[in-house]
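Every read-out reported here was derived from the displayed coordinates using simple, explicitly stated rules and does not represent laboratory data. None of the values given here were measured: they were computed from a predicted structure. Every residue, glycine among them, receives a Cβ derived from its backbone with ideal geometry; neighbour counts consider all protein chains shown.
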Amino acid sequence: MTTVAVVPGDGVGPEVIDQALRVLDSLGLGLSFDVLDQINAERFRRTGVAMSHEEMVRISSARRVLLGAIGDPRVQQTGYARNVLLRLRFELDLYVNHRPAVLLDDRLSPLRDPARRSIDCVVVRENTEGAYIGSGGVLRSGTPQEIAIDNDISTRHGVSRVLGYAFSVARRSVCMVDKSNAVPFGGGLWQQCWADARSAHPGLASSHLYVDAAAMKLIQDPTAFDVIVTNNSYGDILSDVTSQLAGGLGTAASANLNPEQGVGLFEPVHGSAPDIAGQGIANPVGAVLSAALMLDHLGRGAEGDALRGAVRKAVSARRCTPDLGGQLGTEDAGAAIAAEVQ
Ligand code: ATP
Ligand code: MG
């Protein structure tokens, strides 16, 4: 039997994960779930433990994790979220962050021109390097001459493998996004690895954009994109743009992957949303679509497609939460999707 570790986490995390599990149950796949509901900000506040060694072992042996959200305004800047999310990302070497954006219903697009609304693309974000690795420091702290430094690291190994993944999931084309005109060293390495990756995949169309042009073009005509591959920080930003073009943060799903090792962490893109936690109105679609990505990863792509189809039907019929123009609470929205699966 396939075991999946489940970390509901904080805020709306447990609310949306409950619905993802309900929808998965409705498929009758016989998955078994190892629920780690002690990993949360409450326990961290009580004990100072973000994630225990035993929990880390349970997660790494399951090899697949479905995660709700980690974060709480009361424990900001304590290292809590870093010690859960970033630890999982680095210890499991989850170098790919795969973020699809598919418009669920025409009414959800913020764009005027109907011919350019149907976004269906994937942002492949490098997940273990770049400007987010927390390397750097402050010189002459507190003085008028203070200097803050964040190192932005790219390695040939890291860039090549994420570009390879992008080509492996492309249906039509890959667009590489960097800022090599202004960030010469890292940009130069991305350009070299890009040239190699393109010549290794002559069958797919490929293009390059600077990140500012990519942001503009995404708004102008998102239908032009299939796979966008880029570094950690540009991927963070561009995937927020694509999530808005596809229906909003509540619908965005992600997979953190190490494809060679068959390890994956699947989570909605949104955070713990403390402003609406406990109200029963959080949108479960991002969590359900993350579960669908997990099914793809488990080799159950047909069932993943069934979940995506069910979400689309429920949302089109406005059987969804208020952020998507519906009137249902989280549980009823989850039940509406589960009913479409059957
Ligand atoms: P964190 O620090 O954990 O990232 P956050 O404060 O950044 O949390 P987000 O979760 O990123 O909060 O949410 C940003 C905004 O989007 C909030 O106004 C929130 O209510 C809204 N939002 C997030 N997730 C959902 C959801 N599932 N359904 C509806 N609205 C959501
Ligand atoms: Mg956030």
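With a simple spin-label model that places each label point 7 Å from the Cα along the Cα-to-Cβ direction, the separation between residue 90 and residue 151 comes to 1.2 nm. Backbone N atoms of segment 150-171 closer than 20 Å to the 7 Å Cα→Cβ label point of residue 305 belong to residues 168-171. The slack between residue 185 and residue 58, meaning 0.36 nm per residue of separation minus the straight C-alpha distance, is 41.8 nm.
Calculate the dipole size of segment 110-245 relative to its Cα centre from +1 charges on Lys and Arg beta carbons and -1 charges on Asp and Glu beta carbons; express the result in debye to the nearest 20. Show your work: numbers first, answer last.
On the way: 12 positive and 14 negative charges, 71 e Å.
Once rounded to the nearest 20, the dipole reads 340 debye.
Ranking of 118, 32 by neighbouring Cβ atoms within 10 Å, starting from the fewest: 32, 118. Remark: 289, 324 ranked as 324, 289, counting other beta-carbon atoms within 10 Å and listing the fewest first. Near residue 34, the amide H atoms lying under 5 Å from its own belong to 4, 5, 6; only residues 5 or more places off or on other chains count, and H is placed 1.01 Å from N. Think of the chain as a dipole: +1 on every Lys or Arg Cβ, -1 on every Asp or Glu Cβ, centred on the Cα centre; then among 124, 1, 326, 124 lies furthest on the positive end. Taken along the Cα-to-beta-carbon direction at a fixed 7 Å, the label points for residue 318 and residue 342 span 2.5 nm.
How much length is gained if the chain between residue 37 and residue 215 is pulled fully straight, taking 0.36 nm per residue apart and subtracting their Cα-Cα distance, in nm to one decimal?
Extra length available between residue 37 and residue 215 comes to 60.3 nm.
Of the residues 276, 119, 219, the one that moves most in a GNM of the chain with alpha-carbon contacts below 10 Å is 276.
Structure remark: mean-square fluctuation, Gaussian network model of the chain, C-alpha springs under 10 Å; the largest value among 242, 321, 78 belongs to 78. Placing +1 on each Lys and Arg Cβ and -1 on each Asp and Glu Cβ, with no other charges, gives the chain a dipole about its Cα centre of roughly 400 debye. Residues 150, 236, ranked from the fewest to the most other C-beta atoms within 10 Å, line up as 150, 236. Three principal axis extents describe the C-alpha atoms of the chain; from largest down they are 53, 52, 42 Å.
Between residue 200 and residue 47, the modelled label-to-label distance comes to 4.3 nm, taking each label 7 Å out from Cα in the direction of the beta carbon. For the chain, modelled as a GNM whose springs connect Cα atoms under 10 angstrom apart, the maximal fluctuation among 306, 246, 101 occurs at 306.
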